[in-house]
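Student: Below are the structure tokens for one structure; questions will follow.
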Amino acid sequence: MENLASNLNEKLTGTSFDANSEKTAAAINPGVLHQFRKIQIPLAKIGLGSTEGDLVQMAKKYLEIVGLVLFVWIFGYFHFSVSWILLAVFIYLFRQRQRTQFKERHRMLSEINKNEEQYIKARLDELPSWVFFPDVERAEWVNKIIKQAWPYANKYMDKAIFHDIMIPMIRSTSPALSDFSFEKLDLGEIPPRIGGVKVYTDNVRDQIMMDIEVFYAGDARIKSKVKGIVCGIKDIQFVGELRVILSPLINTIPLFGAVTYFFLRKPSIDFKLTDAGTLMDIPGLNDLMLVQINDIVASMMVLPNRQVFPLVTDIPIGHLRWSNPQGVVRVIVIEAHDLVKADITLLGKGKSDPFVKVKTQGNVEYKTKTMNNTTDPRWNEVFEFAVEQSERDVVDFEIYDEDPGKDDFLGRAQFPIKSLLEQKSVETELTLKDVKKGSLKVFLQYFHLSTQRSALDIIERTNRQMIKQEKLSKALLVVFIDRCTNLPPSKKTRREPNPFCRVQVDNTERKTHTLESQTNPSFEHISQILCSNPLQQQLTIEVRDARSNNDVIGYLELPIKNILDTDSMTIDTQEFPLKSSTEPLDRASIVLRLSLHILSPVNSNASESSTASTPLVENSSRQNTVTELPNKSILQNDLIPKSLSKFTNEQATTPENKTLLVADDPDLESSQFGQIKVGIRYAANRKALSVTIYACKDLINVHEQNLPDAYVRVYLMPDFKKDKKKTKSVHDTVDPVFDDLFEWSASLGDIHQQHLLISVKNNSPLFANEQTYMGDLQIDLSNLDPEKNSIAWYALQEPNTSAGGLIKIKYDTPNNVQTHL
């Protein structure tokens, strides 16, 4: 028995070989024996936990299970509701799933860092870009240089990036972080890696342009300290596409004057929290923190913002910091067909709650409304993007199924903007990729940018002809905030402020990054804002102090018409004095560069000049007349999607980017979802909109046994969407009476740009298998008359679809004189 154990031990440890076997192996192939001797099987241990690491993992797993059981027992002992137990189990399982996905992603990126070729052979479904795209080249020689230089770059980043930039930036975001510091900074031994490099050679003048694929999954460990609390992060993951531009090219060393670099899209950033940071490792809080970090990066280094590193001193390079957009893309997401059924019920029937994310290069991303319980949704929503590189940019569409926690992926599609340059507009059905089935129908239109005043007439009537009563963009405003000077100290602390700027045009808002303790801050921030009415809108820039609860230091108000009236529609770098509402400011100013570009459906000076003498149609009754306009076929055939021309009323909405047609109320008697009585009037003396929800009748019954418990939610969209109103709940009736009055304070002009969203709902209990939505109604307020009072019955539309579009306010109808139920 001892001999058997001894032989087994020798075989496992590789310390003894049979002489004959050794000779035979050497005779066959001398290299085989050498390779075989290199394989050492570790000494096995029999018992509980073969290594110290196994014991630690087993102890952690044991404590987690014991903690969960103890948690459930305590809740049962104190007779808490079963809902709390289900919630705790859901959070536990959700965290386990997130941890598993995080570890798998980190393992994948780590394997790529160690040996890219071996990983490619093992995983053919996740290849770097240089495999798929022949114009993207490998950069292994660069990776070797980075690996050798990483220990020295580590020390540089420690001081130049973390201490000189990151610490001041973090401290300036909130007074609670004023003592923030790094307790430990170890960037590890694994450097970042270049996945592929694409150098552009076509249509590139006086510059060298390249896109670099960067990713990092290293062994860095960072610990920070705030208020005596230590928080740490590890397993940092970073993936992004960096564009580097070497410009201008010069005839002396180093052959180019500056290096401009920026991310084309928001990079993907993820990490694992340690120490006290694990308290935030729960669903929601961790995602919120990642969003804040991505927003900080986007405000500095995501298109249109960029960083410029000058290499010479005798060449002007200020223009490299400015934004030079080439056009604007208008996208209408129409509908989708035959989507994947993401939610499978117990009966085997499938459904999805799809929505679409639309984005191009840059930090702007839009999202459609979620359409519940359908695989053939219809949205008809409009989104608009500024385009920096029309030859290379694409419009990305991603469809998801909305779920609690993580949304399910339903497919993606792309459309190259270059295809729009040759055609005025395109309506197409895109086949979804990375899924088994599904398609998305979209309409895209490209607008060139013009500095001719006459172009405003063309885009004005183009928008009116395309979709009525819609705030479509007519111009693109580019704001470059260079710096501020002579800012006063903080009023509360008497210290230098932590300034940042907020740029606003109507409801569109942009924000710069925050600088710490600066009275002459240099922002070099770019904001691109699409304007729907440049003749009336106003640009407002507020300089605020993050150290004093975002108090306003000073502000600037400038009508956009002032930029429009300049010769080139550009106010070159100019200093503007800042004003204060509390006390006069002494020499405080802000330095700006402002430019305005008018959207033009055609890139032809001839077409612009031919319409210069055509007066702008101001009378709304003449909106549908197109005989006066040049390029009639363009306006009627190319700019209007065929899918939308068939539907005059069927449109969908989103809170911020709606595309709705105004129509008369359908026949009340034919309504399938009941009726609602609404009173609407504007009190000019109080500058307030009053809406009274009187009653409903003939509502659909969503209860299985009893009558519904109805209530009504009222929203003023899109500018007052957060100020939602709710009536009382009326039990067990399909003809409830509410008599509830709601008010919103705003000017009549602002109210005319809004619409009411009224949703009738059933107050169903938790875990009840009952339908919640009972009917919707949207009322357009553009024809609101302050001299009249409207009280009328309206037909409710299908819930969650708003298929009837916007309904006009009813005046002088027989129903107006009826009293409510």
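The values are calculated or read from the model by the stated rules, or taken from the named source; none is laboratory data. In this text, all values refer to a predicted model and were calculated from it rather than measured experimentally. For neighbour counting, all protein chains shown are included, and Cβ atoms are generated from backbone atoms with ideal geometry for every residue, glycine included.
Student: Quick check on segment 421-429. Is at least one of its residues among the hydrophobic types (A, V, I, L, M, F, W, C) and surrounded by fewer than 16 Cβ atoms within 10 Å (Cβ to Cβ)?
Tutor: yes
Student: What's the number of the only condition in (1) modelled with pLDDT of 90 or more; (2) part of a loop (DSSP other than H, G, I, E, B) that Val714 fails to meet?
Tutor: Of the numbered conditions (1) modelled with pLDDT of 90 or more; (2) part of a loop (DSSP other than H, G, I, E, B), the odd one out for Val714 is (2).
Student: Report the residue count in segment 717-750 for those that are outside any loop (DSSP other than H, G, I, E, B) and in contact with a Phe, Trp or Tyr (Cβ under 8 Å, 6 or more places away or on another chain).
Tutor: Final tally of qualifying residues: 12.
Student: Out of (1) of a type outside the set (Asp, Glu); (2) surrounded by 15 or more Cβ atoms within 10 Å (Cβ to Cβ); (3) modelled with pLDDT of 75 or more, what's the single condition that is false for Asn286?
Tutor: Every condition holds for Asn286 apart from (3).
Student: With respect to the numbered conditions (1) touching a Leu at 6+ places or on another chain (Cβ under 8 Å); (2) modelled with pLDDT under 90, which one is the sole condition not fulfilled by Ile481?
Tutor: Looking at each condition in turn, Ile481 falls short on (2).
Student: Let me ask you something else. Quick one: which residue in Leu535, Leu539, Leu564 is closer than 30 Å to Ile458 by Cβ, surrounded by 21 or more Cβ atoms within 10 Å (Cβ to Cβ) and not assigned by TED's automatic domain parsing to the domain that holds Phe180?
Tutor: Leu539
Student: Go over the candidates Leu449, Leu444, Leu430, Leu477 one by one and state the one that is in a strand (DSSP E or B), in contact with a Cys (Cβ under 8 Å, 6 or more places away or on another chain) and more than 19 Å from Arg544 (Cβ to Cβ).
Tutor: Of Leu449, Leu444, Leu430, Leu477, the one residue that is in a strand (DSSP E or B), in contact with a Cys (Cβ under 8 Å, 6 or more places away or on another chain) and more than 19 Å from Arg544 (Cβ to Cβ) is Leu477.
Student: Looking at segment 781-798, which of its residues are part of a loop (DSSP other than H, G, I, E, B) and buried (at least 21 other Cβ atoms within 10 Å of the Cβ)?
Tutor: Across segment 781-798, the qualifying residues are Leu781, Leu796.
Student: Which residues, counting only those in segment 578-594, are surrounded by 12 or more Cβ atoms within 10 Å (Cβ to Cβ) and out of contact with any Phe, Trp or Tyr (no Cβ under 8 Å at 6 or more places or on another chain)?
Tutor: Scanning segment 578-594 gives Leu585, Ala588.
Student: Check segment 369-383 and report whether any residue there is under 30 Å from Gly240 (Cβ atoms) and free of Cβ contacts under 8 Å to residues at least 24 places away in the same chain.
Tutor: No, segment 369-383 contains no residue that is under 30 Å from Gly240 (Cβ atoms) and free of Cβ contacts under 8 Å to residues at least 24 places away in the same chain.
Student: Only one of Arg494, Arg510 is modelled with pLDDT of 85 or more, of a type in the set (D, E, K, R) and not in a helix (DSSP H, G or I). Can you tell me which?
Tutor: It is Arg510.
Student: Right, something else. Given (1) closer than 30 Å to Phe90 by Cα; (2) outside any strand (DSSP E or B); (3) out of contact with any Pro (no Cβ under 9 Å at 6 or more places or on another chain); (4) at pLDDT 85 or above, where does Phe409 come up short, assuming only one miss?
Tutor: Result: Phe409 fails condition (2) only.
Student: Take Thr493 and decide whether it is without any contact (Cβ under 8 Å) to a residue 12 or more places away in the chain, more than 16 Å from Asp482 (Cβ to Cβ) and surrounded by fewer than 17 Cβ atoms within 10 Å (Cβ to Cβ).
Tutor: For Thr493, the condition - without any contact (Cβ under 8 Å) to a residue 12 or more places away in the chain, more than 16 Å from Asp482 (Cβ to Cβ) and surrounded by fewer than 17 Cβ atoms within 10 Å (Cβ to Cβ) - is not met.
Student: Being farther than 30 Å from Asp780 by Cβ, assigned to a strand (DSSP E or B) and out of contact with any Phe, Trp or Tyr (no Cβ under 6 Å at 6 or more places or on another chain) is the requirement here; does Val435 meet it?
Tutor: Taking the combined requirement at face value, the residue does not satisfy it.
Student: So for segment 389-400 (the condition being without any contact (Cβ under 8 Å) to a residue 24 or more places away in the chain and part of a loop (DSSP other than H, G, I, E, B)), does at least one residue qualify?
Tutor: No.
Student: With the condition kept exactly as written, say whether any residue in segment 390-408 is under 16 Å from His337 (Cβ atoms) and surrounded by fewer than 19 Cβ atoms within 10 Å (Cβ to Cβ).
Tutor: Taking every residue of segment 390-408 in turn, none turns out to be under 16 Å from His337 (Cβ atoms) and surrounded by fewer than 19 Cβ atoms within 10 Å (Cβ to Cβ).
Student: Moving on to the next point. Within segment 67-94, which residues are loosely packed, with under 10 Cβ neighbours inside 10 Å and of a type outside the set (Ser, Thr, Tyr)?
Tutor: Hits for segment 67-94 are Phe78, His79.
Student: Sticking with this one: Of all strands (runs of 3 or more DSSP E) completely enclosed by segment 132-244, which ones contain at least 3 residues that are crowded, with 16+ Cβ neighbours inside 10 Å?
Tutor: Because the criterion is at least 3 residues that are crowded, with 16+ Cβ neighbours inside 10 Å, the strands (runs of 3 or more DSSP E) in segment 132-244 that meet it are 193-200, 208-217, 221-226.
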